[in-house]
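Working notes for the structure below.
The values are calculated or read from the model by the stated rules, or taken from the named source; none is laboratory data. The model shown is predicted, which means the values in this text are computed figures rather than measured ones. Note that each Cβ is placed from the backbone with ideal geometry, even for glycine, and that neighbours are counted across all protein chains shown.
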Amino acid sequence: MDACCGNIGKTVLSRLLTVGCFVIIFLLMSPVYGQDVYAAAREKMVKYQLEGQGIRHKATLDAMRKVPRHLFVPSDLRAYAYDDGPLPIGYEQTISQPYMVAYMTETIRPAKGMKVLEIGTGSGYQAAVLAEIVDSVFTIEIVDPLGKQSSTLLKKLGYKNVKVRIGDGFAGWPEHGPYDAIIVTAAAEDIPPPLAAQLKEGGRLVIPIGSPGSVQILVLATRVNGKLKQQNLLPVRFVPFTREQ
Ligand code: SAH
């Protein structure tokens, strides 16, 4: 009799413990569940839009698997953050399509130890992707509120290796140069000479060249023996590179 009651007591106790464990595990994981909706979307984005379209650079793929792109788009557009296209971020500017971010990142061959300059911070997403891979990122944005907003977000997300400056990126950021690589995310008529001058020997610069509204070409410029060697990559459409009045 005693043994029987003892068994029932043990069974109830062990069930309670089991249920308790599940409740604790669920509570511990619930904040992760919220993130998981986006983690799955991110995984799909990487698989179909990036790997599926030929992006092979592992560090780029890993960075884009990690950076929470939905936090870099306006909150009413979060549901579309991992779609295959650019999105408006206000002030007539856009966050580039994931494939374009990956393609430009892969093109500069980012690696640990590198120092990269970006012109056109916009949402800060490209800067965050680079910051996952290289040692330091210097990024310049001409639209004051966009620069402030992305600087705040990048700090909040813990990217201590990104410095945002507000101003015209035409002159680059010579105080921190020369750079291993430079990414320009707005379409210019030509490569701004100060940017070319701030590129290290062997360094890679990627920039959309062309007039707004017309076909632009993504160009890769490499510094070889002091001279810039240019190569056309693919037709693209970017917002215009503007100048401070
Ligand atoms: N890299 C961004 C894409 C932003 S779109 C992202 O990941 O979201 C291009 C950005 O370049 C715009 O925000 C635009 O304001 C900025 N821009 C245009 N001309 C510029 C200039 N001369 N100097 C700095 N930023 C410029």
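Report the residue count in region 169-179 for those that are within 12 Å of the ligand (Cβ to nearest atom), in contact (Cβ under 8 Å) with a residue 24 or more places away in the chain and either buried (at least 19 other Cβ atoms within 10 Å of the Cβ) or small (Gly, Ala, Ser) (or both).
Step one: of region 169-179, the residues within 12 Å of the ligand (Cβ to nearest atom) are 169-173.
Next, only the ones that are in contact (Cβ under 8 Å) with a residue 24 or more places away in the chain stay: 169-170, 172-173.
In the following step, the residues that additionally are either buried (at least 19 other Cβ atoms within 10 Å of the Cβ) or small (Gly, Ala, Ser) (or both) were identified as 169, 172-173.
Total satisfying the criteria: 3.
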Practice problem: Only residues that are farther than 17 Å from ARG69 by Cβ and touching a residue at least 40 places away in the same chain (Cβ under 8 Å): list them for region 121-135, please. | Solution: VAL134
Quiz item: Does PRO212 satisfy the condition of being part of a loop (DSSP other than H, G, I, E, B) and not polar (S, T, N, Q)?
Solution: yes
Quiz item: Taking SER96, is it modelled with pLDDT of 95 or more, near the ligand (Cβ under 8 Å from one of its atoms) and not charged (D, E, K, R)?
Solution: yes
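Residues to consider are ILE108, ILE166, ILE182, ILE191; find the one that is of a type in the set (Val, Ile, Thr), crowded, with 20+ Cβ neighbours inside 10 Å and farther than 17 Å from ASP62 by Cβ.
Working: ILE108 fails: farther than 17 Å from ASP62 by Cβ; ILE166 fails: crowded, with 20+ Cβ neighbours inside 10 Å; ILE191 fails: crowded, with 20+ Cβ neighbours inside 10 Å.
Every option except ILE182 fails the conditions.
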Quiz item: Where residues in region 106-140 are assigned to a helix (DSSP H, G or I) and either touching a His at 6+ places or on another chain (Cβ under 6 Å) or not β-branched (Val, Ile, Thr) (or both), which of them is farthest from the ligand (Cβ to nearest atom)?
Solution: GLU106
Quiz item: Of the numbered conditions (1) surrounded by fewer than 21 Cβ atoms within 10 Å (Cβ to Cβ); (2) assigned to a strand (DSSP E or B), ILE207 satisfies every one except a single condition; which is it?
Solution: (1)
Exercise. Look at region 141-153 and say how many of its residues are within 11 Å of the ligand (Cβ to nearest atom) and crowded, with 21+ Cβ neighbours inside 10 Å.
Key: 5
Exercise. Could you tell me whether region 196-203 includes any residue that is within 11 Å of the ligand (Cβ to nearest atom) and among the acidic types (Asp, Glu)?
Key: no
Quiz item: Which one is farthest from ILE142 (Cα to Cα), of the residues in region 68-93 that are within 13 Å of the ligand (Cβ to nearest atom) and among the charged types (D, E, K, R)?
Solution: ARG69
Quiz item: Which of the residues that make up region 222-245 are under 28 Å from ILE95 (Cα atoms), part of a loop (DSSP other than H, G, I, E, B) and away from the ligand (no atom under 16 Å from the Cβ)?
Solution: none
Quiz prompt | Filtered residues of region 210-229 (kept if among the polar types (S, T, N, Q) and exposed (fewer than 14 other Cβ atoms within 10 Å of the Cβ)) | solution = SER211, SER214, ASN225
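Just the residues that are touching a Leu at 6+ places or on another chain (Cβ under 8 Å) and either closer than 24 Å to LEU228 by Cβ or in a helix (DSSP H, G or I) (or both), please, taken from region 141-168.
Of everything in region 141-168, just one residue is touching a Leu at 6+ places or on another chain (Cβ under 8 Å) and either closer than 24 Å to LEU228 by Cβ or in a helix (DSSP H, G or I) (or both), namely LEU153.
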